[in-house]
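Only one structure is covered here, and it is reproduced in the block below.
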Amino acid sequence: MPLYEYEPDGDSCPFCEGRFEVLGRLGDEPLGACPQCGKPCHRVFSSFAPIKSSKDMLSPKNLASKGLTQYKRAGDGHYEKTCGDGPRVIKGD
Ligand SMILES: [Zn+2]
């Protein structure tokens with residue numbers, strides 16, 4: 001069972017102060033309130049969401065999966081396509 005992390009929206013009790021974790025089943029509706037004091041809270045996704053580096057974001061594979069086209073400068077004012085749709089080479093003048 002995954003541990004879900006929650007954060008109070010405003011007021012909190014000793015239980016939900018800061019952040020608290022609740023064991024839940026996959027597919028459970030997220031809690032909207034602290035189980036102790038009933039004050040509003042929201043789920044946070046911090047601990048295990050991997051942060052993609054900008055290098056990954058700009059990799060040809062990632063760009064292509066987003067339907068984007070990337071060109072890299074190939075010297076002499078022309079660009080070669082690294083991924084996506086479009087002409088293989090663009091000539092600038
Ligand atoms: Zn509370």
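In order along the stretch 4-19, the phi-based Karplus estimate (6.51 cos²θ - 1.76 cosθ + 1.60, θ = phi - 60°) of 3J(HN,Hα) comes to 9, 9, 10, 9, x, 6, x, 4, 8, 10, x, 6, 9, 4, x, 9 Hz; Gly and Pro are listed as x. The label point for residue 36 and the one for residue 23, both projected 7 Å from the Cα toward the Cβ, are 1.8 nm apart. The value given for the chain is a Kirkwood hydrodynamic radius of 17.2 Å, derived from the mean inverse Cα-Cα separation. Distant-in-sequence amide contacts of residue 9, defined by a placed amide H-H separation under 5 Å and a gap of 5 or more residues or a different chain, comprise 41, 42.
Can you tell me, using C-alpha contacts under 8 Å and at least 6 residues apart, the relative contact order of the chain as a whole percent? The partial results should precede the final answer.
Values: 139 pairs, mean separation 17.5, N = 93.
Once normalised by length, the contact order is 19 percent.
Taking amide hydrogens as placed 1.01 Å from N in the peptide plane, the amide H of residue 83 sits under 5 Å from those of 70, each at least 5 positions away in sequence or on another chain. Ordered by the count of other Cβ atoms within 10 Å of each Cβ, fewest first, 12, 65, 59 give 65, 59, 12.
Between the residues 78, 60, 4, the greatest Cα displacement towards the positive end of the dipole of the chain, with unit charges on the Cβ of Lys, Arg, Asp and Glu, is found for 78. Near the amide H of residue 4, within less than 5 Å, lie the amide hydrogens of 22, 23, 24, all on another chain or at least 5 residues away, with H placed in the peptide plane.
Rule-based calculations on the coordinates, nothing more; no lab input. Not measured: the values here are computed from a predicted model. No Cβ is skipped: glycine too gets one built from the backbone with ideal geometry, and neighbour counts run over all protein chains shown.
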